1. Residues that are touching a helix residue (DSSP H, G or I) at 6+ places or on another chain (Cβ under 9 Å), crowded, with 20+ Cβ neighbours inside 10 Å, over 18 Å from residue 59 (Cβ atoms) and in contact (Cβ under 8 Å) with a residue 12 or more places away in the chain: does segment 82-100 have at least one?
2. Answer yes or no: is there a residue in segment 200-209 that is assigned by TED's automatic domain parsing to the domain that holds residue 265 and over 26 Å from the mean Cα position of the chain (by Cα).
3. Considering only segment 236-249, state which residues are in a loop (DSSP other than H, G, I, E, B) and either in contact (Cβ under 8 Å) with a residue 12 or more places away in the chain or under 33 Å from the mean Cα position of the chain (by Cα) (or both).
4. In this structure, does residue 152 turn out to be buried (at least 24 other Cβ atoms within 10 Å of the Cβ), in the same structural domain as residue 201 (by TED's automatic domain parsing) and either in a helix (DSSP H, G or I) or at pLDDT 90 or above (or both)?
5. Name the one entry in 95, 111 that is at pLDDT 95 or above and either under 17 Å from residue 139 (Cα atoms) or in a helix (DSSP H, G or I) (or both).
6. Between a first residue in segment 175-193 that is at positive phi and outside the structural domain of residue 152 (by TED's automatic domain parsing) and a second residue that is modelled with pLDDT under 90 and surrounded by 17 or more Cβ atoms within 10 Å (Cβ to Cβ), which pairs have beta carbons less than 7 Å apart while being 6 or more apart in sequence or on different chains?
7. Right, residue 218: in contact with a strand residue (DSSP E or B) (Cβ under 9 Å, 6 or more places away or on another chain), more than 19 Å from residue 145 (Cβ to Cβ), buried (at least 16 other Cβ atoms within 10 Å of the Cβ) and without any contact (Cβ under 8 Å) to a residue 40 or more places away in the chain or not?
8. For residues that are modelled with pLDDT under 90 and assigned to a helix (DSSP H, G or I), scanning just segment 61-81, find the one that is surrounded by the most Cβ atoms within 10 Å (Cβ to Cβ).
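The values are calculated or read from the model by the stated rules, or taken from the named source; none is laboratory data. It should be emphasised that the depicted structure is a prediction, and the values quoted were computed from it without experimental measurement. Cβ placement follows ideal geometry from the backbone for every residue including glycine, while neighbour counts extend to all protein chains displayed.
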């Protein structure tokens with residue numbers, strides 16, 4: 001008992017110091033070698049203070065993440081603090097979200113963000129927000145629309161997830177040159193949907209994905225034609241007469257596909273191709 005009270009006193013003293021210190025110097029101390037993090041790696045050493053110690057690490061993490069301009073040391077400290085919270089209290093959902101989003105802003109810490117969100121998905125499989133945030137990080141921070149779309153697809157299958165997730169997932173998957181996966185997702189959604197308005201909206205998105213798939217195929221065929229003949233085709237019909245494609249696909253909205261002078265293809269029924277808006281993806 002004496003040992004228990006002594007250890008508790010040491011921990012309490014350490015906690016007070018952590019809670020009262022907001023300087024970056026103290027945050028750097030809260031690194032992989034800190035007593036708090038080391039204790040979290042062996043939760044049984046917390047002597048019943050797991051939730052309390054999780055709150056202490058969380059308060060420090062909030063202070064670090066609240067800096068207007070974070071340094072590399074701040075990001076390092078935040079990654080350790082979020083891991084510490086998770087070790088003490090793996091069912092605490094907010095740190096996974098804060099850690100994922102904030103660390104995802106630092107290119108060097110994107111792997112840390114994905115690791116935190118991956119742990120969150122394992123600990124809280126019923127929380128659609130965690131794979132949703134992972135999709136955001138994979139798309140905007142990693143530049144991987146296909147992986148982002150797959151994460152959003154997983155989020156869309158969790159009960160209680162918002163109805164717009166399948167649409168956003170299909171946009172990412174189509175941009176990531178995975179239109180067939182997007183179509184499979186949307187077809188499954190239509191098959192399980194009973195609301196007429198939702199079915200119409202899903203079918204409209206399916207037509208958009210089909211058009212994007214066709215456009216990607218045709219643009220690839222245009223490039224093949226150029227390499228084969230040394231010139232650009234004057235019209236899409238030359239892709240057929242030149243033996244590049246067996247025939248031109250039907251535009252799913254009842255329109256037509258046209259070849260632009262720069263080699264890109266467009267539909268006369270679609271004003272914007274399936275792109276999740278970001279600075280380097282707008283056309």
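1. yes
2. Within segment 200-209 (the criterion being assigned by TED's automatic domain parsing to the domain that holds residue 265 and over 26 Å from the mean Cα position of the chain (by Cα)), the answer is yes, since at least one residue qualifies.
3. Filtering segment 236-249 for residues in a loop (DSSP other than H, G, I, E, B) gives 236, 242-249.
Across segment 236-249, the qualifying residues are 236, 242, 244, 245, 248, 249.
4. Details: buried (at least 24 other Cβ atoms within 10 Å of the Cβ): yes; in the same structural domain as residue 201 (by TED's automatic domain parsing): yes; either in a helix (DSSP H, G or I) or at pLDDT 90 or above (or both): yes.
Against the criterion (buried (at least 24 other Cβ atoms within 10 Å of the Cβ), in the same structural domain as residue 201 (by TED's automatic domain parsing) and either in a helix (DSSP H, G or I) or at pLDDT 90 or above (or both)), residue 152 qualifies.
5. Exactly one of 95, 111 is at pLDDT 95 or above and either under 17 Å from residue 139 (Cα atoms) or in a helix (DSSP H, G or I) (or both), namely 111.
6. none
7. On the way: in contact with a strand residue (DSSP E or B) (Cβ under 9 Å, 6 or more places away or on another chain): yes; more than 19 Å from residue 145 (Cβ to Cβ): yes; buried (at least 16 other Cβ atoms within 10 Å of the Cβ): yes; without any contact (Cβ under 8 Å) to a residue 40 or more places away in the chain: no.
No; evaluated as a whole, the condition is false for this residue.
8. Ranking the candidates gives 61 first.
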